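What follows is a single structure, written as structure tokens, with notes after it.
The values are calculated or read from the model by the stated rules, or taken from the named source; none is laboratory data. None of these values were measured; they are calculated from a predicted model. No Cβ is skipped: glycine too gets one built from the backbone with ideal geometry, and neighbour counts run over all protein chains shown. These accessible areas exclude ligands, DNA and RNA; they are computed on the full protein's heavy atoms, side chains included. Shrake-Rupley method; radii C 1.70, N 1.55, O 1.52, S 1.80 Å.
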Amino acid sequence: MDKLIIRGGAPLRGQVEAGGAKNAALPAMVASLLTGESIRLHRVPQLGDVRTIVGLLNHLGVSVEGRGRETISLRADHIGQFEAPYQLVKTMRASVLVLGPLLARFGRARVSLPGGCAIGTRPINLHLAALEKMGATVSLDAGYVEAKAPRLKGARITFDGQTVTGTENLMMAATLADGVTVLENAACEPEVADLAALLNRMGARIEGAGTPTISIEGVNHLHGAEHEVIPDRVETGTFMVAAAITGGDVTINRCLPCHLEAITEKLRETGVLVEETDSSIRVWGDERVQGVNIRTQPYPGFATDMQAQIMALMSIAQGSSVITETVFENRFMHVNELLRMGADIKVIGTTAFVHGVPMLSGAPVMATDLRASASLVLAGLAAQGITTVSRVYHLDRGYESIEQKLLGLGASIERVTE
Ligand code: EPU
């Protein structure tokens, strides 16, 4: 298992490029199941989760050319399996995204229930209730969800709660359904809109993606298409915090600042300077930041995927901050590790009360979740002394070449294989 050894204290300076978005690339790759023709995707990030979805798609019979490169082609013309096995769904919940497309194109799918994960129970009841509304028969058997439908039927679906992959699953299912589907209270994340853009290039008729009401007119078949994945807003936000936490000056290029408004606003409130163009963000400042209060929300609110990273920053802020997690019930695994680095944080329920300390101190730490691991790297960059972050595979699931990118900004960071 790899470890990252970080010597903290160096202000990060320079330019870095955002990679393609993990949470847009995964559904885009899965969308290939909806057609027998080739789907060519550009700007696919090289990540653990991307390798996992390639494994799942291969298992189903999808051929993937160019794996490990930025441009890949997927072709689902020989699907011989309709099951997403426990082994794969357990390691990556996004595997449930195959449910909608398999059901829509082949009339059946069997997907392992995800069960618990590091950030909460994360059920898929909303995906299933919506598919049932479209006429699917859903049953549970030996830990698997089995769904069948000769042809899905358009329906009006109001989600009981906002779900990103639920919206994506249903949007994909509805593209090949008979009639019009309207999704209400749909997730508005940019990754949903990006998936809709790809599906429309494949011949789907989707309107309103990126808003709470999405309307999808079913078609009889979809065709091949080419698409570039949007830049990763969470990776971009993580580099923004890296600049702020080290008192540095970092410009992130090839990103979309319009997807990061809630983060930008909060960072400005802490006192750091943020300057944007259409495709780059510069963050700088050498004063100690001010504590700010944060409440995570679905997009366009402050992303839960940035909560752990901002908490690392608040750990060394002047004054106190209150951070409330409203999306997941258990997403504070980084807190105990930050405490070991000298932070002063109390958690009551889903709220963390952070009292800023002047300095963190390096320590051996580890986390069991991707974004929690990112927050420990950020804390390590700012801390006095050496921080060793173990279980780097969590980080590798969602950050492309993280240590090379940080090295390029002047960080002292080294990967060691045990
Ligand atoms: N929920 C239900 N029932 C459902 C679906 C969701 O109760 O059927 C609950 C969840 O338990 C959670 C909330 O609704 O409390 C929101 O969950 P959502 O379904 O939106 O999450 P997701 O689709 O599983 C995606 C991202 C996550 C990101 C969340 C929230 C992908 C592949 N994953 O997950 O990304 O945190 O949306 O924005 O898109 C990450 O990248 O680190 C990550 C965890």
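Taking 0.36 nm per residue of sequence separation and removing the Cα-Cα distance, the His355/Val416 pair yields an extension gain of 18.7 nm. Distant-in-sequence amide contacts of Glu329, defined by a placed amide H-H separation under 5 Å and a gap of 5 or more residues or a different chain, comprise Thr121. Near Thr158, the amide H atoms lying under 5 Å from its own belong to Glu184; only residues 5 or more places off or on other chains count, and H is placed 1.01 Å from N. A Cβ-based charge dipole, computed about the Cα centre of region 22-228 with Lys and Arg at +1 and Asp and Glu at -1, lands at about 360 debye.
On region 22-228, 47 percent of the accessible area sits on carbon and sulfur atoms, based on a 1.4 Å probe.
The alpha-carbon positions of region 245-311 define a convex hull whose volume is 81 Å³ per residue. Count charges around Pro364 for me, please; just the other residues with Cβ under 12 Å from its Cβ, Lys/Arg as +1, Asp/Glu as -1. So the environment of Pro364 carries a net charge of +2. Between Leu152 and Asp178, the built amide H atoms are under 5 Å apart, and every one of these is 5 or more places off in sequence or on another chain. Tell me which of Leu131, Ser95, Val164 sits at the most positive position along the dipole axis of region 22-228, charges placed on C-beta atoms (Lys, Arg +1; Asp, Glu -1). Farthest along the dipole direction, towards plus: Ser95. Bridging of Lys153 to aspartates and glutamates at a Cα separation below 16 Å is possible for Glu132, Asp178, Glu217, once same-chain residues fewer than 8 apart are set aside. Highest average first, the peptides 306-312, 185-191 ordered by how many other beta carbon atoms sit within 10 Å of their residues are 306-312, 185-191. For region 1-127, the Cβ-based charge dipole about the Cα centre amounts to some 300 debye (Lys, Arg positive; Asp, Glu negative; other atoms uncharged).
The packing ranking, built from the mean of other Cβ atoms within 10 Å per residue, places the peptides 72-82, 25-35 in the order 25-35, 72-82, highest first.
Working from the pairwise distances between different alpha carbons, so that the mean of 1/r is found and then inverted, what is region 22-228's Kirkwood radius in Å? Kirkwood radius, region 22-228: 16.4 Å. The residue among Phe328, Ile53, Gly66 whose Cα reaches farthest toward the positive pole of the charge dipole of the chain, with charges on the beta-carbon of Lys, Arg, Asp and Glu, is Ile53.
In the context of the full set of protein chains, region 22-228 has a per residue accessible area of 38 Å² (1.4 Å probe).
Across q = 0.15, 0.23 Å⁻¹, region 300-369 modelled as identical point scatterers on its alpha-carbon atoms has Debye log10 I(q)/I(0) values of -0.44, -1.03, in the order of the q list.
Here the Gaussian network model covers the chain, with springs between Cα atoms less than 10 Å apart; of Gly161, Gly48, Gly237, Gly161 fluctuates the most. For the Cα trace of the chain, dividing Rg by the Kirkwood Rh returns an Rg/Rh value of 0.98. Relative to the Cα centre, the charge distribution of the chain, modelled as +1 at Lys and Arg Cβ and -1 at Asp and Glu Cβ, gives a dipole magnitude of about 680 debye.
Could you tell me which of the pairs Lys90/Lys405; Lys133/Lys346; Lys266/Lys346; Lys266/Lys405 are separated by over 32 angstrom between their Cα atoms in the structure shown? Checking Cα-Cα distances, Lys133/Lys346 exceed 32 Å. Compute the signed sum of charges (Lys and Arg +1, Asp and Glu -1) over the other residues within less than 14 Å, Cβ to Cβ, of Arg151. Net charge in that neighbourhood comes out at +3. Couplings 3J(HN,Hα) of region 141-158, computed from phi: 8, 6, x, 10, 9, 10, 10, 9, 5, x, 8, 5, 10, x, 8, 9, 10, 10 Hz, in residue order, whole Hz [Karplus 6.51 cos²θ - 1.76 cosθ + 1.60, θ = phi - 60°; x for Gly and Pro].
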